[in-house]
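Structure record follows, encoded as structure tokens.
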Amino acid sequence: MIFLQGCPLRCSFCHNPDSWSTTAGQLCTAESVLEKISRFSAYSSSNGGVTISGGEPLFQPCFLLELLFGLKLRGINTAIDTSGWPHQLENDCLLTAILAQTDLLLLDIKSPDSAEYKLLTGTESTGRDHVIYSAIICQTSTWLRHVVLPGLNTSSEAISKLANWIYEQHKLGLKMEKVSLLPYHRLGLHKYEELGLKYSLRDMPAMSDNEMDQYKQKLNRTLASIMPDIPLAIE
Ligand code: SF4
């Protein structure tokens, strides 16, 4: 895992507010990171690889591209873990080049509803959609991720909206392999206190295992009724 510092989003459920700042972290060149990775020779002889996460990796697109190129040149599998924030990319070519060097796209959906997306993240969902279009062009294997927030996106209506959104992406041509459901937790709360930041979900309880099981079953059933012939792992 490589964590790139800096994120322009402000997700209300973020448990890593310490990754937001662009001035924290260690400055380094892509070349020096690649050198370090090369020392872990086990990667090149196994099915493993390198996942570049954040913060938001697309916030540093040129560095990210250089890193991905270097990894692919060394025969190392690549994954990027992103919320899909390409607003600062100068042109589609850069984003397409990044996704063409990415073996696996881990994309956090945030919300299938654009108004709720803005409410939860403080930014528009058009960036994420842009990443999806580029992933379709590149036919990048994609695992969708979704944070399940008790009482906020757990209603039958919300599950139905999510399932329909997933089906829409499939119809558009996104090469989806999996949907990973991430239960909301409160482990990052102390970081907000340490950084003197307001935590807007202070009263929201963590998702219990039982609630998660029920949610997963409902989503599975809803997806099976909408897209019965399309295999999609939900975990
Ligand atoms: S995109 Fe990730 S790092 Fe950025 S605010 Fe949201 S959850 Fe936090």
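Throughout, read-outs are computed from the coordinates displayed, never taken from laboratory work. Here the structure is a predicted model, which is why all the values come from computation and not from measurement. Counting neighbours? That spans all protein chains shown, and the Cβs are built from the backbone with ideal geometry, glycine included.
Brief remarks on what is shown
- Gain upon complete extension [Ser21, Asn47; 0.36 nm per residue less C-alpha separation]: 6.0 nm
- Using the Cβ-Cβ distance between Lys171 and Asn220 with R0 set to 22 Å, the FRET efficiency from 1/(1 + (r/R0)^6) comes to roughly 0.70.
- Around the amide H of Arg145, modelled in the peptide plane, lie the amide H atoms of Leu107, Asp108, Ile109, Ser180, all under 5 Å away and 5 or more residues distant in sequence or on another chain.
- 16 Å Cα-Cα reach of Lys216 towards lysines, excluding residues that sit fewer than 8 places from it in its own chain: Lys161, Lys178
- Placing +1 on each Lys and Arg Cβ and -1 on each Asp and Glu Cβ, with no other charges, gives the chain a dipole about its Cα centre of roughly 200 debye.
- When you filter the trypsin sites (Lys or Arg not before Pro) in segment 63-118 for DSSP loop state and at most 16 other Cβ atoms inside 10 Å of their Cβ, you are left with Arg74.
- Label separation (Arg74 vs Asn210): 4.8 nm, computed from points 7 Å beyond Cα along the C-beta direction.
- For Lys191 and Cys93, the FRET efficiency from 1/(1 + (r/R0)^6), where r spans their Cβ atoms and R0 equals 45 Å, is about 0.75.
- With θ taken as phi - 60° and the Karplus curve 6.51 cos²θ - 1.76 cosθ + 1.60 applied, the whole-hertz 3J(HN,Hα) list for segment 143-151 is 10, 7, 10, 8, 7, 9, 10, x, x Hz, x standing for glycine and proline.
- For the chain, built as a Gaussian network whose Cα springs stay under 10 Å, the top-fluctuating residue of Pro57, Pro112, Pro205: Pro205
- When you filter the GluC sites (Glu not before Pro) in segment 164-193 for DSSP loop state and at most 16 other Cβ atoms inside 10 Å of their Cβ, nothing is left.
- Amide hydrogen proximity for Ile234: with H placed 1.01 Å from N in the peptide plane, the residues at 5 or more positions away or on another chain lying under 5 Å are Val179.
- Cross-link partners of Lys198 among lysines (Cα-Cα below 25 Å; sequence separation of 8 or more within a chain): Lys110, Lys118
- Inverse mean reciprocal Cα-Cα distance (Kirkwood Rh) of segment 81-231, Å: 16.6
- Distance between the C-alpha centres of segment 191-235 and segment 88-141: 20 Å, rounded to the whole angstrom.
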